[in-house]
Amino acid sequence: MTKKKSKKKKKVTSRKSNKKFIVTTLFFLIGLIFLINGVTWIEKRAFISKSHKEKIEIISHSFKDSNLLGSVILVKDGKTLLTESYGLSDHNKEIKNTNDTLYPVASLQKKMTAVIIGQLVSEGKLTYETTVNTFFTDLEHGEEITIRDLLNHTSGYVTPEVPNDHVLTSEKEQLENVLDTSVFLEYGEPYYSNGNYSLLAAIISQIEERSYKDVLQDRIFIPLNMENTYLWDDVPDEASTPKEYFYVNGRSYQVDYRTYSKELMSTLLGAGNVYSTVSDMALFFSALNNDTLLSEDEYNLLFNFHEPIMLSGNISEDGAMGGYSSYFYGDITNQTFIIFLANQSTDSYPDQLLIQVYQQLLLF
């Protein structure tokens, strides 16, 4: 009798232990999921209990502690919650970055070029399956490379990210540089290259029979009232543009690894030579899916982003990252996102910071 009772007790204890283990594991996995997504469940509850002002201060401190210098904008449901700037635009002269500072937006410009292509497709002036030999008759493999391939970086062409030996002063020169320096590797394979978007810019110019610059202004800048956005060679002399810096070995404002030059910027036709403010860039991203630049169907055909996405850019040279960086993280369809334009970069990608802040943004 005693042995039977003892065995029964052990069985019950064992079941309780198993149940406890399962519950503990479940809570651990739930906590891990929240942690991977940037904010733990405990942090979430603590953040929700804060006042609006305290939430803003928490986010602001996160950016200040990141060693990124520049300007940030937070947009929730199409409304700006925060626009703030950090660090110095010119360390020697002790000039601060401000919300009016113009930064190179780098590869975020590619989305502008893509939007114009989407508009031209909707107007029946080309299709996503149009082959590029329609515009460049002598381009090798042009009969198989499509507009969609250029958009997706699957053309097979790679253009070196190096400055020219002189400043390219016309779009014709800039296009010729791309055609002369690009190397074909393998069609259909993804090779990220600025040259794809330079070709798209040249195609836009051919179809519209005017410069890419003029089309960009008439189709993007002017309709959206982007009054503080310019091509690199149109930036006003009086405009506030920051110096390029790095955070290296625990020290800010390092200049040993600068990549920026006018010679480099002049090679980035359609791909990364626009200057803008965070507020103007927010106008652009807010207009992608609200019938201002594209209808919902046009947006879906071109981008089809329906969840939070990470976009970034950097003015880099031959694989070496520069100090000017641009970051977008958020949901375009809900108009809830973060844009950070930086004039000091670090050696680590700030994806976890942006994901964490985005999770906090959802709690306002």
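The values are calculated or read from the model by the stated rules, or taken from the named source; none is laboratory data. Quick caveat, the model's predicted, so the values are computed rather than measured. A quick note on method: Cβ atoms are made from the backbone with ideal geometry, for glycine too, and the neighbour counts reach across all protein chains shown. These area figures cover heavy atoms from the full protein model, side chains too; ligands, DNA and RNA do not enter into them. Shrake-Rupley method; radii C 1.70, N 1.55, O 1.52, S 1.80 Å.
So the values come out like this:
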| item | result |
| --- | --- |
| Fraction of beta bridges assigned by DSSP in the chain that are antiparallel (%, nearest 5) | 95 |
| Structure-based [θ]222 nm, the chain - -39500 (n - 2.57) summed over DSSP H runs of at least 4, per residue, nearest 500 | -11500 deg cm²/dmol |
| Spin-label pair Arg45/Ser261, simplified geometry with 7 Å Cα→Cβ offset, distance in nm | 5.7 |
| Cα-centred dipole magnitude for segment 229-334, charges only on beta-carbon of K, R (+1) and D, E (-1), debye, nearest 20 | 520 |
| Ranked order, Leu341, Leu139 - accessible area, probe 1.4 Å, largest first | Leu139, Leu341 |
| Chain lengthening between Glu54 and Asp138 when straightened (0.36 nm per residue, less Cα-Cα) | 24.2 nm |
| Karplus-derived HN-Hα couplings along segment 273-280 (A = 6.51, B = -1.76, C = 1.60, θ = phi - 60°), whole Hz, x at Gly and Pro | 10, 9, 10, 7, 9, 5, 5, 5 |
| Rounded if a/c under 1.5, otherwise prolate or oblate - segment 245-294, Cα gyration tensor axes | oblate |
| Percent carbon-and-sulfur accessible area, the chain, ignoring ligands, DNA and RNA, probe 1.4 Å | 51 |
| Extension reserve of the Phe305-Asp347 stretch, reckoned as 0.36 nm per residue once the Cα distance is removed | 12.3 nm |
| Phi to ³J(HN,Hα) by Karplus 6.51 cos²θ - 1.76 cosθ + 1.60 over segment 295-307, Hz, x for Gly, Pro | 6, 4, 5, 5, 4, 5, 5, 7, 10, 6, 8, 10, 7 |
| Extension gain, Tyr192 back to Asp77 (0.36 nm per residue minus Cα-Cα distance, nm) | 38.3 nm |
| Cα extents of segment 120-179 along the three principal axes, largest first (Å) | 38, 24, 21 |
| Helix 351-361 vs. the chain, principal-axis angle (Cα, 0 to 90°, nearest 10) | 70 |
| Whole-number accessible area per residue in Å² for segment 251-364, which is evaluated in the context of all protein chains at 1.4 Å | 37 |
| 0 to 90° range, to nearest 10: angle between helix 171-181 axis and the chain longest Cα axis | 70 |
| Label point at Tyr128 placed 7 Å out along Cα→Cβ; residues across segment 144-181 whose backbone nitrogen lies under 13 Å | 146-153 |
| Kirkwood-type radius of segment 125-281, with distances r between different C-alpha atoms, in Å | 17.1 |
| Anisotropy class of segment 56-111 from Cα gyration tensor, a/c 1.5 cut | oblate |
| Rounded tilt (10° steps) of 52-64 against the dominant C-alpha axis of the chain | 70 |
| Interatomic Cα distance distribution for segment 236-320, bins of 10 angstrom, percent | 12, 32, 32, 20, 4 |
| Accessible surface ranking that places the most exposed of Tyr327, Tyr349, Tyr191 first, with a 1.4 angstrom probe | Tyr349, Tyr191, Tyr327 |
| Label-point gap, in nm, between Ser170 and Asp234 - each point 7 angstrom along Cα→Cβ | 1.9 |
| Cα gyration tensor shape of segment 223-364, rounded if a/c is under 1.5, else prolate or oblate by comparing a/b with b/c | oblate |
| Rounded to the nearest 10 Å², the accessible area of Tyr230 at probe 1.4 Å | 60 |
| Cα-derived Rg over Rh, computed across the chain with Rh taken as Kirkwood radius | 1.10 |
